[in-house]
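Each remark here refers to the structure printed beneath this line.
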Amino acid sequence: MKSFLSSFQYSDYRILWITSVTLILAIQMAMPSRALLTDDLTNSAFISGIVSMGFAPALLMFSILGGVIGDKFENRRIMQIVQIGFFLSSLSTWILIELGAINWYFLFFVSLVQGALFSFQLPARYSFIPKIVPEESVSNGIALLSSGMALVTIFSGSAVGYLYGKYGPGNVFLIISAIQFSALILTLFLPQTEKSDSVSGSYFSEMKKSFNYLISNKMVMAILISSLVVSMIAMPVRLQLPIIARRLYMVSPQEIGLMLTLAGVGAVIGTLLISSLKKGQLRFAVFLFSAFGLGFCTLAFGLAPEYLIGLIIVVFFGAFEQIRMALSNVLTMEYTDSKYRARMMGFFMLNFASIPLGALPIGYGIDKIGAVNTLIFDGIALISILLILVLISTSFR
């Protein structure tokens, strides 16, 4: 346990961890809250999927640019500007709810804006870690940050379920705004870091250079491809879990909150399980195993549509989800040259773009053929595609 917490001995890292986890808490509360509010306004899983998908276009447009900017500019300043945007978007949502002027079009717009902000935020945070901890502690710092992000899902899920059901969406978004403001204040205590001299050309030429580096790095490319497959097919299940739970189990917001909380518990367990894995082929094997695990969990949701069984499945789903996400970040940072780290994390923002893109067909499927059939089809599709990738790709094997 001491070695797992080793990065916490550095005060700058502790501040980075706290402000990052605080912001992620607010984001993870906002996304299911928008989905529930959209469902209340429209009674349509498809439109809820459209709102959730709002993250995707902006991430697709700005993720690679976000990586270049993360390598070019001072990390702290990027984080502060982005967090101001998160705070103002949530605050405006609260104001419109209180005025009775909220609609799903605005919720989609907010999702779009926050997707753009997110594409600049995460590369800046992850590339900050090597600047404030020794090189031998970078992997540990990434794992701890991933663990913290998983930990807050325990509280965010139950908080959304309880607060939304008892106090309504307006109070939920007011609390989210307060959390985002506190994350902004915490960044004032972060140190300034030196600007990287690795970005010297135009933004277009640097993005082209980043793409060429990705193509030449077979290990990072293999991780990216498999992650994109999982993000497109399985991760939208997690994003649409509030809507899926409503349709599959006919449960209350509080019971949905319990499911989200248990997914967070599974995520923390998953992070602890991989914290001691050393660099080598075992990490990639575990990473791939977790991807298959997500496929089988999705299939199990559809084959056993009982709430109590779903509570068990969601723990494993959360564990596999976090293992895949944490290992993809760790492996990418380890196998990437230091001057390209933020840019490679920019490419991995495409994973977050794929999640809401996949939420749209899931929402459409739930409306048209039902939650059970949609989940069974989704699980089989993911398992089949992963098997094909393993069979045809020498890099995977």
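The values are calculated or read from the model by the stated rules, or taken from the named source; none is laboratory data. Since we're looking at a predicted model, the values are computed, not measured. Positions of Cβ are generated from backbone atoms using ideal geometry, with glycine treated the same way; all protein chains shown enter the neighbour counts. The accessibility values were calculated without ligands, DNA or RNA, using every heavy atom of the protein model including side chains. Shrake-Rupley method; radii C 1.70, N 1.55, O 1.52, S 1.80 Å.
Leaving out ligands and nucleic acids, and using a 1.4 Å probe, what accessible area per residue does the chain come to in Å²? Could you put the intermediate results ahead of the total?
Values: 15560 Å² over 397 residues.
Dividing the accessible area of the chain by its residue count gives 39 Å².
If you add up the charges near residue 263, with Lys and Arg at +1 and Asp and Glu at -1, over every other residue whose beta carbon is less than 12 angstrom from its beta carbon, what do you get? Walk me through the numbers on the way to the answer.
Values: positive: 238; negative: 321.
Surrounding charge for residue 263 is 0.
Among the trypsin sites (Lys or Arg not before Pro) in segment 1-60, which ones are in a DSSP loop with at most 16 other Cβ atoms within 10 Å of the Cβ? Mind listing them?
Working: sites: 2, 14, 34; in loops: 2.
For trypsin sites (Lys or Arg not before Pro) across segment 1-60 that sit outside H, G, I, E and B with at most 16 neighbouring Cβ atoms in 10 Å, the list reads 2.
Using label points projected 7 Å from each Cα along Cα→Cβ, tell me how many nm separate residue 204 and residue 178, to one decimal.
Using points 7 Å along Cα→Cβ, the separation is 4.9 nm.
Ignoring everything except DSSP H segments at least 4 long, calculate the 222 nm mean residue ellipticity for the chain; use -39,500 (n - 2.57) per segment, divide by total residues, nearest 500. All intermediate terms of the calculation are to be shown ahead of the outcome.
Numbers: 16 runs with 330 residues, N = 397.
My calculation for the chain gives -28500 deg cm²/dmol from helical runs alone.
Calculate, for residue 392 and residue 372, the FRET efficiency according to 1/(1 + (r/R0)^6) with r their C-beta to C-beta distance and R0 30 Å; round to the nearest 0.05.
The computed FRET efficiency comes out at 0.45.
Please compute the length gained on full extension between residue 252 and residue 212, using 0.36 nm multiplied by the number of residues separating them and subtracting their Cα-Cα distance.
Values: separation 40, 0.36 × 40 = 14.40 nm, distance 4.93 nm.
The span from residue 252 to residue 212 would gain 9.5 nm if fully extended.
Take peptides 18-31, 162-175 and line them up by average Cβ neighbours within 10 Å, highest first, as a rough protection proxy. If you can, show how the numbers build up before the last one.
Working: 18-31: 22.9, 162-175: 18.7.
In decreasing order of mean packing, 18-31, 162-175 become 18-31, 162-175.
Pull out the extension gain between residue 162 and residue 334, defined as 0.36 nm times the separation in residues minus the alpha carbon to alpha carbon distance; nm, one decimal. Write out the running numbers ahead of the final one.
Numbers: separation 172, 0.36 × 172 = 61.92 nm, distance 3.98 nm.
Full extension of this stretch gives 57.9 nm more.
For segment 22-115, what relative contact order do you get, as a whole percent, if you take Cα pairs closer than 8 Å and at least 6 residues apart? Numbers along the way, then the final one.
Details: 62 pairs, mean separation 41.0, N = 94.
Relative contact order, segment 22-115: 44 percent.
With all protein chains present, how much of the accessible area of the chain (probe radius 1.4 Å) comes from carbon and sulfur, to the nearest whole percent? Mind showing how you got there, number by number?
Values: 10810 of 15560 Å².
Roughly 69 percent, rounded to a whole number.
If the chain between residue 14 and residue 192 were fully stretched, how many nm would it gain, using 0.36 nm times the residue separation less the Cα-Cα distance?
Contour length minus the Cα-Cα distance gives 62.6 nm.
With a 1.4 Å probe and all protein chains in place, put 136, 321, 255, 306 in order of accessible area, largest first. Kindly include the intermediate steps, with their values, before the conclusion.
Values: 136 150, 321 25, 255 70, 306 110 Å².
Largest to smallest exposure gives the sequence 136, 306, 255, 321.
For the pair residue 308 and residue 282, how long in nm is the line joining their label points, each one 7 Å along Cα→Cβ?
According to this spin-label approximation, the distance is 3.8 nm.
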